[in-house]
Amino acid sequence: MKGVVGGSAKRRWRNLVIPVVGLVVLSMLVPLVFLLGLHSGSHSTGDATHQRNSQPEFGNNSKRGGNETGFSMPADLPKQAQPVIDTGPVAKNYTGEHRRSADESDLICEFRFGSYCSWGREHKEKMEDAVVKRMKDLLFVARAYYPSIAKLPSFENLSHEMKQNIQEFERVLSETTTDKDLPPGNEKKIPEMEAVIAKAKSCPVDCNNVDKKFRQLVDMTEDESNFHMKQSAFLYQLAAQTTPKSLHCLSMRLTVEFFRSSFDTETVLVEKFLNPDLYHYIVFSTNILASSVVINSTVMHAKESEKQVFHLLTDGENYFAMKFWYFRNKYKEASVQVLNIEDIKLFDHHKEAPMHLSLPEEYRVSFHRVDELSFSLSRTEYISMFSHSHYLLPKIFRTLEKVVVLEDDVVVQSDLSALWDIDMGEKVNGAVQLCAVKLAQMKNYFSRNTIYENSCAWTSGVNVIDLSRWRAHNISETFQRLVQEMSREEGTSETAALSASLLTFQGLVYSLDGSWMLSGLGRNYGIDLEAVNSAAMLHFDGNMKPWLELGIPEYRSFWKMFLNQQDSFLNDCNVIQ
């Protein structure tokens, strides 16, 4: 009886083990299948963008060439939409067909890297070692098919032939990396490999294995492409920010000569510097050549050069070189005053806290719709804006009532005396407006401040400033208050600087006619030369400044013609090339 009971218990136990084991295996397979399906879905064809809802990334761009990063914002947003800050790489299907057009790829590139994309297209070099690259591509495809072909007994000859071709390609590519080093007769190997791959494609292979290999190829290629794109964009920014050796040499030579000489010419000109009836221009700059070109081009086209007075504000590092340069170089009957902003003592400033020069800042603003995947409605605009130093003008020039502020990357091609005849009414700042960017579109960046729906952004470059109304409206104090408020709330000073500038002058900007200034010559290769010739002023805003090797050759001649190419210091430092 005990044996019967024991045997029946063992049989019941064995009957229970089989379902339990089956359940365990099933519980492991179901999640695995789900994950594999999800992974496959993530590689399916179609378009995708990677979006981050975060604070915008600004970049200030000094006039030596600067960090041209930007921030983005949506156009025509629904009420709950948030700005899209970044996008991922261009999505494509894995048959090799790009889902987005070339134009959309350009828009995405500009959205991420700014004017580097334009520079990269213009300087794209012919692909070298095309044969070696072609061999590497064929080798990868052959390796993708070979494991599946080798498992098919009926294709033993094809498997052997494919193995031989793979080994031969590996041998050649291990010995050479350039086309010129390829062995004689190598041109026959590529058609042979192509024929073998064509045969392999006609075989009933396991698609999952081949698909996995090809996905590895695409992922690896995209990662490599993104790496090189980011590296190139970084080097481009580095070239834009670095002072050329020739300009550094010029500044050092002039500084040395300053201390070797003794002169004082400004004492007889003090009366002109304070006379409000003359035409006063303000230029912020640390670049000797750039400031010289803007002054020289202005004077050369002025009908009454004796009325032209230039106030050049620089820093302590470049002050002595600037002083000596403008002592040696005369601009008809115009007067030039060089000021070291670090030595200026304002009544409300402590002597122990010297001021520091900040140059006009440039921002790249990108728009696209957040409710659509396509970038066909995207656009990028560039805004050049006052720096913190500009808001000291009413305190530095207390006797002046009206001035024109020129950036040092401007070239003047006509008489500017008409700017002093403009009646701006109650407006403070006469500027070229950029109505492609409405302040209402940027309301997410303005915290709780009131925004006028029709207010347009404005750009610096040339600005007619009514200092008397500036003082009456307390513009400087308003700007400082807004910067402090926005810095506390947003946590980014760059965001606060742009937002505060636009809000400070909201409703106080007099719109200058667009014919006064043509912008984009430091970032846009597509400007018509007839438009360049006919513009009253040229603004080389962007990273590709005309004094850099990055400068756009078609426009650089408009800048170089106002340099004194016979100057011995320029020749000694190889500035003129």
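The values are calculated or read from the model by the stated rules, or taken from the named source; none is laboratory data. Note that this is a predicted model, so its numbers are computed, not measured. Note that each Cβ is placed from the backbone with ideal geometry, even for glycine, and that neighbours are counted across all protein chains shown. Surface accessibility is based on the protein's heavy atoms, side chains included, excluding ligands, DNA and RNA. Shrake-Rupley method; radii C 1.70, N 1.55, O 1.52, S 1.80 Å.
From Y146, Y116, which residue is of a type in the set (F, W, Y) and under 18 Å from the mean Cα position of the chain (by Cα)? Give the steps one after another, and end with the answer.
Details: Y146 fails: under 18 Å from the mean Cα position of the chain (by Cα).
Among Y146, Y116, only Y116 is of a type in the set (F, W, Y) and under 18 Å from the mean Cα position of the chain (by Cα).
Being among the polar types (S, T, N, Q), modelled with pLDDT of 60 or more and over 30 Å from K323 (Cβ atoms) is the filter; apply it to segment 360-389 and report the residue that is least open to solvent (accessible area, probe 1.4 Å). Full working, then the answer.
Within segment 360-389, the first condition is being among the polar types (S, T, N, Q), and the residues that meet it are 366, 374, 376, 378, 380, 384, 387, 389.
Then drop every residue that is not modelled with pLDDT of 60 or more, which leaves 366, 378, 380, 384, 387, 389.
Keeping just the survivors that are over 30 Å from K323 (Cβ atoms) gives 366, 378, 380.
Working: S366: 2, S378: 19, T380: 27 Å².
Selected residue: S366.
Every residue, every condition in (1) among the aliphatic types (A, V, I, L, M); (2) more than 15 Å from Y510 (Cβ to Cβ); (3) open to solvent by 10 Å² or more (accessible area, probe 1.4 Å), yes or no:
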site	(1), (2), (3)
V410	yes, yes, no
V437	yes, yes, no
I451	yes, yes, yes
C456	no, no, yes
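So which helices (runs of 4 or more DSSP H) are wholly in segment 469-577 and hold at least 3 residues that are loosely packed, with under 14 Cβ neighbours inside 10 Å? If you could, list the steps in order and put the result at the bottom.
Numbers: elements: 475-490, 493-504, 529-534, 553-560, 568-572.
Helices (runs of 4 or more DSSP H) meeting the threshold: 475-490, 529-534, 553-560, 568-572.
Which is farther than 23 Å from N564 by Cβ and at pLDDT 85 or above, of L346, L357? Can you show your working first?
Numbers: L346 fails: at pLDDT 85 or above.
None of the others qualify; the one that does is L357.
What number of residues within segment 107-140 satisfy the criterion of being part of a helix (DSSP H, G or I) and more than 20 Å from V172 (Cα to Cα)? Full working, then the answer.
Within segment 107-140, the subset part of a helix (DSSP H, G or I) is 107-113, 116-122, 130-140.
Then keep just the ones that are more than 20 Å from V172 (Cα to Cα); that gives 107-113, 116-122.
Count: 14.
Just to be sure I understand, how many residues within segment 211-248 are of a type outside the set (V, I, T), farther than 30 Å from A200 by Cα and either modelled with pLDDT under 85 or open to solvent by 40 Å² or more (accessible area, probe 1.4 Å) (or both)? I'd like the intermediate steps shown before the answer.
First pass over segment 211-248, keeping only residues of a type outside the set (V, I, T): 211-217, 219-220, 222-241, 244-248.
From what is left, the residues that are farther than 30 Å from A200 by Cα are 226-241, 244-248.
Subsequent filtering for residues that are either modelled with pLDDT under 85 or open to solvent by 40 Å² or more (accessible area, probe 1.4 Å) (or both) retains 226-232, 234-235, 238-239, 241, 245, 248.
Residues in segment 211-248 being of a type outside the set (V, I, T), farther than 30 Å from A200 by Cα and either modelled with pLDDT under 85 or open to solvent by 40 Å² or more (accessible area, probe 1.4 Å) (or both): 14 in total.
Go through the residues of segment 177-190 one by one and say whether even a single one is buried (at least 16 other Cβ atoms within 10 Å of the Cβ), touching a residue at least 12 places away in the same chain (Cβ under 8 Å) and within 41 Å of the chain's Cα centre (by Cα).
yes
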